[in-house]
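J.: Below: one structure in structure tokens.
The values are calculated or read from the model by the stated rules, or taken from the named source; none is laboratory data. All values derive from a computational prediction rather than experimental measurement. When we count neighbours, we look across all protein chains shown, and the Cβ atoms used for this are built from the backbone with ideal geometry, even at glycine. These area figures cover heavy atoms from the full protein model, side chains too; ligands, DNA and RNA do not enter into them. Shrake-Rupley method; radii C 1.70, N 1.55, O 1.52, S 1.80 Å.
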Amino acid sequence: MLSLLLSIAMKPTEPAPDLEAWIQAPIETQRLPIFRKAISLDGEVQEAKLRIVGLGAYKAFINGKPVANRFCDPPWTDFRKLVLYQTFDVRTLLLNGDNSIGVMLGNGVYNVVGGRYVKFIGSYGPPKLTAVLSIKYGNGRTAEIRTDGSWKVAEGPIVFSCHFGGEDLDASLVDPTWSQATFDDSKWTAAIETRGPGGELEPTDIRGIEYGKPYKTVTVKEAKKDIWIYDLGQNIAAVPRLKVKGAKGQTVKLVPSELLGEDGLAWQGSCGGPVSFSYTLAGRGTESWSPLFTYFGFRYVQVEGAVPAGKPNPGKLPVVVSLESIPVTYECIESTFETDNELVNRIYRLINKAIQSNTQTSLTDCPHREKLGWLEQDHLMGPSVLYSRDVADLMFKICRDMRLSQLPNGLVPDISPEYVVFEGGFRDSPEWGSACALVPWQLYEFTGSKKALEDNYEMMKRYAAYLESQSTDNIVNHGLGDWYDVGPNPPGYAQLTPIAFTATAFYFRDLDILAKAAEVLGKASEAGIYAAKAAKVKETFNQRFFDKEKGQYAEGSQCANAIGLAMGLCPERSRGKVLDSMVKDVQNHSFRTTAGDVGYQYVIRALADGGRSDVVYKMATVEGKPGYAYQLSQGATALTEAWDALRSSSQNHFMLGHVVEWFYTDLAGIKQVPGTVGFNNLVIAPYLPDNVNHIKAESRPNGKPIRVEWRKKDGAFEITVSLPRGAQATVVLPTRIGVLVSGSARQLDGGSYRIGSGTTTLKCKL
């Protein structure tokens with residue numbers, strides 16, 4: 001558990017030395033505070049910038065209008081070490097004459113005090129605010145309005161808010177004009193100046209959380225008297241939006257859930273409970289409300305204390321005009337992937353909804369019971385995430401979070417930011433901590449930016465040294481292993497692959513990456529040192545775990561053989577035999593995987609790189625338990641935590657969605673030339689399953705759009721590739737004889753063509 005943190009002196013840093021004065025309410029109550037500052041402007045405003053951060057979360061208004069249409073600013077960080085503020089252009093919101101700034105504060109992950117369901121309890125202190133409004137008039141004069149004791153504060157309408165447990169608002173408690181210039185705040189209390197939580201105060205260039213397109217109610221059923229179940233049709237990270245009519249003081253309670261119980265009521269066994277939202281009406285006609293400072297992963301909403309419009313209402317309860325869910329996710333451009341095979345499309349959507357739900361200002365495990373940045377997902381799902389949305393800036397931020405989380409002994413904890421300290425493998429698992437090396441390397445490969453390595457090289461070194469200190473004869477033997485693999489027992493700790501196998505394999509991979517990173521950074525001597533250490537670990541690893549006669553690693557699990565192949569641990573002369581062993585095991589399981597969170601990405605990569613994408617496709621689309629198609633058959637609308645859609649597990653986890661990477665790299669065929677970075681030198685070589693005849697994909701792995709569309713029709717194959725400026729690609733056709741339909745291309749040997757930026761279409765007979 002986090003202990004209550006005492007505020008310490010903030011160390012302001014450039015470029016905002018004037019963001020020094022924090023304010024808070026003089027008395028801490030369960031009702032969240034609202035702040036306002038009346039200001040008068042005496043001329044035409046040419047420029048106006050608001051630099052602001054409210055902790056734990058904030059919503060700012062000028063003259064009653066929101067400063068930004070975003071959710072739960074600021075980004076999550078370890079607030080003891082780093083606080084990120086935002087800057088907004090607010091010129092168009094200001095008027096010549098009287099104006100007002102209003103700010104609502106929430107608890108967020110900064111102040112988890114409990115009261116309903118919580119994953120942990122911990123606080124950096126009471127909610128607080130710092131801001132400066134910088135104004136430049138048309139005549140060149142300037143002015144600044146800063147947070148200080150002249151600001152006014154009152155108890156706001158939010159009477160309960162918990163990052164995990166929900167939020168309640170009583171609209172009858174506060175005049176809705178409180179943030180407008182005409183409001184009389186003479187009865188409000190003066191804010192008190194205070195200190196920040198201790199973290200360096202810095203501007204942020206990462207994007208925030210945005211609201212998505214609403215999901216409307218699909219069905220409404222009365223589960224029992226005066227309790228109604230609204231099905232929104234999609235399990236998603238969202239806030240409910242309620243429109244309701246009723247009398248002042250009446251309260252509507254909303255209970256969100258992923259699943260329904262046997263009694264037809266909302267069942268929170270998969271997502272943590274009790275969790276609820278409630279709204280107390282002001283009695284002003286049709287009222288609209290959604291929570292401001294917490295969200296949840298849900299499909300269903302149980303409505304208590306109200307009736308749907310058009311239903312009998314003898315008790316004169318409030319009437320629900322409409323109920324929607326508003327998705328919340330990191331602001332980005334999503335990639336697209338579509339085929340003529342509806343099962344493939346549904347699998348992509350299943351995983352994509354889980355990625356969307358868990359891409360916040362950290363990559364979370366689930367949008368409900370934990371909302372924590374478990375690090376194994378950041379690297380195992382990293383390529384899938386980077387192919388499916390342009391979030392390199394977020395990944396850079398996550399790397400910084402890891403640097404700030406690293407302990408003096410070099411350990412990188414399993415979660416980052418480390419808001420709560422777990423024990424054993426849940427704090428120290430090499431498959432999790434190795435994200436500190438794997439994520440920077442992936443960022444370098446995707447973006448081509450050495451900054452990903454420069455910023456994180458020392459962290460990587462310190463973590464490798466930590467693993468070395470924990471090893472015995474080059475073997476690391478602790479952690480969670482292939483979490484949630486498919487074995488004889490319920491999912492959890494690895495069942496089919498030894499803990500020491502995966503832990504040591506990731507130790508090797510960290511050293512291997514360090515050697516490569518050192519070379520890229522011009523540190524030749526260190527590159528040699530880490531290459532030699534990696535070679536020694538590889539030698540010991542194979543002595544311990546490789547059975548040359550059987551052609552398998554450990555006990556021959558899919559995870560073990562795949563990691564041996566994909567990480568480059570397997571001796572070259574034995575790779576074919578190990579691949580055959582893995583394929584045989586997959587076939588013996590009727591093309592169903594046994595690998596879990598850690599192993600499945602390597603199963604896909606080892607098979608695809610070994611020329612067996614046919615096996616990957618069968619595994620991805622196989623019917624029956626366990627697998628993606630089985631989850632769909634059980635009604636899942638987002639990827640579930642367990643392969644078999646276990647009801648007690650989360651119904652919105654993205655940790656097993658590694659096939660999205662393969663959809664882009666192998667089905668669409670978008671790959672880099674091995675050894676290159678930045679996605680400017682590509683190989684477009686799609687795999688063509690028998691029952692997929694058309695694929696259209698667009699991805700931005702380096703921030704620039706790469707588009708591929710191919711089609712099989714009437715015995716011919718046609719592919720159109722669009723590349724951004726500066727990029728080039730070798731397009732590999734399925735047969736040796738092709739023709740150029742449009743664009744420009746240079747024919748190479750073996751039915752390949754070299755193309756540059758722009759759009760090119762090629763065609764061949766099948």
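J.: Anything over 22 Å Cα to Cα? Flag those among LYS65/LYS245; LYS584/LYS618; LYS81/LYS397; LYS65/LYS248; LYS81/LYS371; LYS371/LYS397, in the order listed. Can you show the working numbers first?
T.: Details: LYS65/LYS245 24 Å; LYS584/LYS618 13 Å; LYS81/LYS397 14 Å; LYS65/LYS248 24 Å; LYS81/LYS371 20 Å; LYS371/LYS397 17 Å.
Cα-Cα > 22 Å for LYS65/LYS245; LYS65/LYS248; rest within.
J.: What list of ³J(HN,Hα) couplings, whole Hz, do you get for region 560-568 from phi and the Karplus terms 6.51, -1.76, 1.60, once you set θ to phi - 60° and write x for glycine and proline?
T.: 5, 5, 5, 5, x, 7, 6, 8, x
J.: Can you flag which of LYS450/LYS704; LYS136/LYS213; LYS450/LYS671 are past 25 Å Cα-Cα? Can you show the working numbers first?
T.: On the way: LYS450/LYS704 18 Å; LYS136/LYS213 37 Å; LYS450/LYS671 20 Å.
Pairs exceeding the cut-off: LYS136/LYS213.
J.: Bins of 10 Å, beginning at zero and ending with the bin holding the largest distance: percent of Cα pairs per bin for region 64-186, please.
T.: 10, 35, 36, 16, 3, 0
J.: Can I ask one more? Students often forget the sequence filter, so: which lysines lie under 21 Å Cα-Cα from LYS533 once same-chain residues fewer than 8 apart are removed?
T.: Leaving aside lysines fewer than 8 places away in the same chain, those within reach of LYS533 are LYS461, LYS516, LYS523.
J.: Under the 0.36 nm per residue contour assumption, what length would be gained going from the current alpha-carbon distance of ALA465 and GLN634 to full extension? Don't skip to the end; give the middle numbers.
T.: Values: separation 169, 0.36 × 169 = 60.84 nm, distance 4.55 nm.
Computed gain between ALA465 and GLN634 is 56.3 nm.
J.: Please work out the FRET efficiency for the pair THR87 and GLN747, using the Cβ-Cβ distance as r and a Förster radius of 60 Å; give the result to the nearest 0.05. Each step should come with its number before you reach the end.
T.: Details: r = 52 Å, r/R0 = 0.87.
The calculated FRET efficiency here is 0.70.
J.: Here's a follow-up. Any idea what angle helix 575-588 forms with the longest principal axis of the chain, computed on alpha-carbon atoms, 0 to 90 degrees, nearest 10?
T.: Compared with the principal axis, the helix lies near 70 degrees.
J.: Could you pull out the trypsin sites (Lys or Arg not before Pro) across region 141-210 that fall in loop regions by DSSP (anything but H, G, I, E, B) with no more than 12 other Cβ atoms inside 10 Å? Present the calculation step by step, with values, prior to reporting the outcome.
T.: Numbers: sites: ARG141, ARG146, LYS152, LYS187, ARG195, ARG207; in loops: ARG141, LYS187, ARG195, ARG207.
Those satisfying the criteria are ARG141, LYS187.
J.: Each label point is 7 Å from the Cα along the Cα-to-Cβ direction; what then is the distance between the points at THR217 and LEU688, in nm?
T.: 5.1
J.: Quick one: plug the Kirkwood hydrodynamic radius of region 504-596 (C-alpha pairs) into Stokes-Einstein at 10 °C, 1.306 mPa s, and report D in µm²/s.
T.: 113
J.: Express the carbon and sulfur contribution to the solvent-accessible surface of the chain as a percent, rounded to the nearest whole number, probe 1.4 angstrom. List each step's numbers first, then the result.
T.: Working: 13890 of 28630 Å².
That fraction is 49 percent.
J.: Which distance in nm do the two modelled labels at GLU549 and GLU210 give, with both placed 7 Å along the Cα-to-Cβ direction?
T.: That separation, rounded to one decimal, is 6.1 nm.
J.: From the mean inverse distance of alpha carbon pairs (Kirkwood) and the Cα radius of gyration, derive Rg over Rh for region 127-225.
T.: My calculation puts Rg/Rh at 1.07.
J.: Let me ask you something else. FRET efficiency for THR142 and ALA532, Cβ-Cβ distance as r, R0 = 60 Å, nearest 0.05? Can you show the working numbers first?
T.: On the way: r = 60 Å, r/R0 = 1.00.
For R0 = 60 Å, the calculated efficiency reads 0.50.
J.: Now a separate question. What would the Debye equation give as log₁₀ I(q)/I(0) for region 195-270 at q = 0.12 Å⁻¹, counting only Cα atoms as equal point scatterers?
T.: Computed log10 I(q)/I(0) values: -0.56.
J.: Can I ask one more? Give the long-range amide H neighbours of VAL421: residues separated by 5 or more places, or on another chain, with amide H under 5 Å away, using H modelled in the peptide plane at 1.01 Å from N.
T.: The answer is LEU2.
J.: Further question on the same structure: Once you keep just the Cα pairs under 8 angstrom separated by 6 or more residues, what percentage relative contact order results for the chain?
T.: On the way: 1909 pairs, mean separation 79.6, N = 766.
For the chain, the relative contact order is 10 percent.
J.: Apply the Kirkwood formula to the chain: the hydrodynamic radius equals the inverse of the mean of 1/r over all pairs of different alpha-carbon atoms; give it in Å with one decimal. Working shown, then result.
T.: Values: mean 1/r = 0.0358 Å⁻¹.
One decimal place: 27.9 Å for the Kirkwood radius.
J.: Using only Cα atoms, figure out Rg for region 450-528 and give it as a multiple of 2.2 N^0.38 Å. Present the calculation step by step, with values, prior to reporting the outcome.
T.: Working: Rg = 15.4 Å, N = 79, 2.2 N^0.38 = 11.6 Å.
Dividing the Cα Rg of region 450-528 by 2.2 N^0.38 Å gives 1.33.
J.: Okay, moving on. Can you work out the accessible area per residue across the chain, with the rest of the protein chains kept in place, probe 1.4 Å, in square angstrom?
T.: Values: 28630 Å² over 766 residues.
Ligands and nucleic acids excluded, the result is 37 Å² per residue.
J.: Identify all lysines with a Cα-Cα distance to LYS763 below 17 Å; exclude those on the same chain that are fewer than 8 residues away in sequence.
T.: Reachable lysines: LYS696, LYS712, LYS713.
J.: Take every Cα-Cα pair in region 309-383 and report what % of them are more than 22 Å apart.
T.: Values: 1297 of 2775 pairs.
For region 309-383, the share of Cα pairs beyond 22 Å comes to 47 percent.
J.: Any idea what the relative contact order of region 23-134 is, in percent, if you count C-alpha pairs under 8 Å spaced at least 6 apart? Please report the intermediate quantities before stating the final value.
T.: On the way: 217 pairs, mean separation 46.2, N = 112.
Relative contact order, region 23-134: 41 percent.
J.: If you don't mind, there's one more thing I want to ask. Using each residue's phi in region 441-456, evaluate 6.51 cos²θ - 1.76 cosθ + 1.60 at θ = phi - 60° and report the 3J(HN,Hα) Karplus result to the nearest Hz, with x for Gly and Pro.
T.: Karplus-based 3J(HN,Hα) across region 441-456 equals 5, 4, 4, 4, 5, 6, 9, x, 8, 5, 4, 4, 8, 4, 5, 10 Hz.
J.: Here's a follow-up. With no solvent and one equal point scatterer placed on each C-alpha of region 383-528, evaluate the Debye formula and give log10 I(q)/I(0) for q = 0.09, 0.11 Å⁻¹, two decimals.
T.: The Debye formula, applied to the Cα set alone, gives -0.28, -0.42.
J.: Something else: Among the aspartates and glutamates, select those whose C-alpha is under 14 Å from the C-alpha of LYS550, and discard any that sit fewer than 8 residues away in the same chain.
T.: Partners found: ASP580, ASP585.
J.: Under 8 Å for C-alpha pairs, at least 6 residues apart: give me the relative contact order for region 702-747, rounded to a whole percent.
T.: Values: 26 pairs, mean separation 12.5, N = 46.
This gives 27 percent for region 702-747.
J.: Between THR286 and ASN69, what is 0.36 nm times their sequence separation minus the Cα-Cα distance? Round to one decimal in nm. Provide the component values of the computation, followed by the final result.
T.: Details: separation 217, 0.36 × 217 = 78.12 nm, distance 2.19 nm.
Result: 75.9 nm gained on full extension.
J.: Can you compute the label reach from ILE737? Point 7 Å from Cα along the Cβ direction, backbone N cut-off under 11 Å, restricted to region 747-766.
T.: 765-766
J.: Turning to a different aspect of this structure: Give, in nm to one decimal, the length gained when the segment between ASN345 and ASN588 is fully stretched (0.36 nm per residue of separation minus the Cα-Cα distance). Intermediate results must be reported in sequence, preceding the final value.
T.: Working: separation 243, 0.36 × 243 = 87.48 nm, distance 2.69 nm.
Gain on extension, ASN345 to ASN588, equals 84.8 nm.
J.: Let me ask something additional. Could you run the Karplus curve 6.51 cos²θ - 1.76 cosθ + 1.60 with θ = phi - 60° over region 624-632 and give me ³J(HN,Hα) per residue in whole Hz, x for Gly and Pro?
T.: x, 8, x, x, 5, 4, 5, 4, 4
J.: Also, quick follow-up: Could you give the dipole magnitude of the chain about its Cα centre, charging the beta-carbon of Lys and Arg +1 and that of Asp and Glu -1, in debye to the nearest 20?
T.: Details: 83 positive and 84 negative charges, 263 e Å.
Value, rounded to 20: 1260 debye.
J.: May I have the extent of the alpha carbons of region 21-91 along their three principal axes, as whole Å values ordered from largest to smallest?
T.: The principal-axis extents, from largest down, are 39, 25, 24 Å.
J.: Which of the listed residues, LEU259, ILE755, SER742, is farthest toward the dipole's positive end in the chain, when Lys, Arg count +1 and Asp, Glu count -1 at the beta-carbon?
T.: The one lying farthest along the dipole's positive direction is SER742.
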